[in-house]
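Reading through the structure tokens given below for one structure.
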């Protein structure tokens with residue numbers, strides 16, 4: 001996988017076509033993608049200025065004159081604009097060859113006939129220019145499990161703390177994307193002045209700070225879930241994605257904790273993350289659920305090289321599956337094993353992370369390895 005994130009804007013009136021384009025993109029593109037879909041070409045310029053896509057897939061079968069005007073307005077040396085053509089629809093209006101010449105002059109870099117094929121899209125994407133701007137953008141790491149209570153939040157927040165301690169020059173933000181009942185703030189023992197509900201409302205109106213800062217030394221920035229669970233009902237996956245994109249602009253690393261459900265909110269977080277840390281435990285039912293989850297992630301285009309598998313709270317006991325058996329059941333290697341330690345649970349109950357306490361040394365070592373591995377993966381193997 002090539003490191004980095006590509007923003008993709010898909011413009012087409014048919015939602016089925018937009019879904020088809022996104023599905024093929026996930027399979028064919030070598031980089032992580034964040035997508036925005038819109039139905040009307042008239043909204044493309046406004047959305048593109050806000051979203052700043054590197055790739056635009058633009059319908060040029062309908063409203064052809066408007067589509068070429070939009071292409072002229074949005075063309076940029078760092079941007080690839082692909083025109084979607086439906087050969088079965090007669091657009092009329094003169095010579096097709098003349099229209100294609102006009103499209104090229106307007107900034108359309110390549111043409112994609114429907115239905116899309118992986119090969120044609122891959123070939124078109126290979127001509128995408130490398131960004132020339134010096135704008136820094138951070139990476140994102142999402143922690144997820146289909147099962148609540150396996151320590152996902154504990155691992156996410158301690159991984160964020162470990163990253164900050166290991167690389168003090170890098171800024172780290174922790175986003176609690178369990179929007180209804182997130183517990184990251186409680187685990188850290190802090191009461192945030194602002195939370196996700198506040199930031200979503202003010203994203204276009206001002207800075208996102210102050211975020212609650214916690215941890216050793218300069219600490220990490222925490223963007224907590226809404227204090228009032230009812231506020232979560234007003235947060236959409238699109239709004240949450242915009243928050244993540246803004247955090248990526250402001251921080252070197254964004255660590256995301258998620259709810260134990262694979263809904264549109266969680267999928268939007270996975271889409272925006274270079275590395276996905278899947279957390280499981282040594283219980284047979286949980287491992288069986290993890291097997292289904294991994295198959296689903298693979299079918300959705302989240303490739304194995306983006307996924308890290310962590311066995312949490314492992315202890316040697318007759319009712320606990322050992323990591324080698326879990327690996328056999330899941331058909332893939334276990335990347336990290338985190339030991340079960342009573343002091344860690346006690347620290348969680350107190351709202352006091354014990355990452356740097358001597359009693360949790362084995363836990364700290366395991367979490368630090370997870371954090372470094374995930375960060376290295378997110379940066380494409382770069383140190």
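The values are calculated or read from the model by the stated rules, or taken from the named source; none is laboratory data. Keep in mind that what you see is a predicted model, and the values were worked out from it rather than measured. Because the Cβ atoms are built from the backbone with ideal geometry, glycine has one as well, and the counts that use them run over all protein chains shown.
Things to note:
- Residues in segment 1-18 that are at pLDDT 90 or above and out of contact with any strand residue (DSSP E or B) (no Cβ under 7 Å at 6 or more places or on another chain): 14, 15, 16, 17.
- Scan of segment 31-57 for residues that are in contact (Cβ under 8 Å) with a residue 60 or more places away in the chain and within 21 Å of residue 300 (Cα to Cα), ordered by number: 32, 33, 34, 35, 36, 55
- When the residues of segment 166-217 are filtered to those that are assigned to a helix (DSSP H, G or I) and under 17 Å from residue 230 (Cα atoms), the one that is modelled with the highest pLDDT is 196.
- Residue list for segment 44-71, filter: out of contact with any strand residue (DSSP E or B) (no Cβ under 8 Å at 6 or more places or on another chain) and closer than 26 Å to residue 242 by Cα: 45, 46, 49, 50
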